[in-house]
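The values are calculated or read from the model by the stated rules, or taken from the named source; none is laboratory data. Only a predicted model underlies this, so the values are computations on that prediction, with no experimental measurement involved. As a convention, Cβ positions derive from the backbone with ideal geometry for all residues, glycine included, and neighbour counts pool all protein chains shown.
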């Protein structure tokens, strides 16, 4: 695994979370379209549409709910997998920093407080940890 692949792997949790957020926005807006509207008496009295638009919308909402549930399961599995990969590192500080950034999604200042390093020091250790992670993943695969 290359270093860029390791970064992509570690960022896959955030990418999946972003997909969930986008789908959730779409779902919420479509669901709001299902709410009843007020009766108006100024329109034509003739019914011209034999198709049921509300059932189509409801079907799309249900499909989106299924997609969101699948993405949440995928995110949970990614968290477990990435946690296991990070735990292969020998250095505890590297583990804490990577877990803080990629699993805990903590800001650098908070991670710096936890491990008692400076913020620039955190980023140096993070880069080194990602390189070590790429090497460990390559060794475990046997490439």
### Task
Output the qualifying pairs, or none if there are none: Cβ atoms under 9 angstrom, residues six or more apart or on different chains, first residue in segment 13-41 and on the phi > 0 side of the Ramachandran plot and at pLDDT below 90, second residue in a helix (DSSP H, G or I) and loosely packed, with under 12 Cβ neighbours inside 10 Å.
none
### Summary
The condition from (1) under 24 Å from the mean Cα position of the chain (by Cα); (2) at pLDDT 95 or above; (3) closer than 19 Å to residue 3 by Cα; (4) surrounded by fewer than 19 Cβ atoms within 10 Å (Cβ to Cβ) that residue 76 misses is numbered (3)
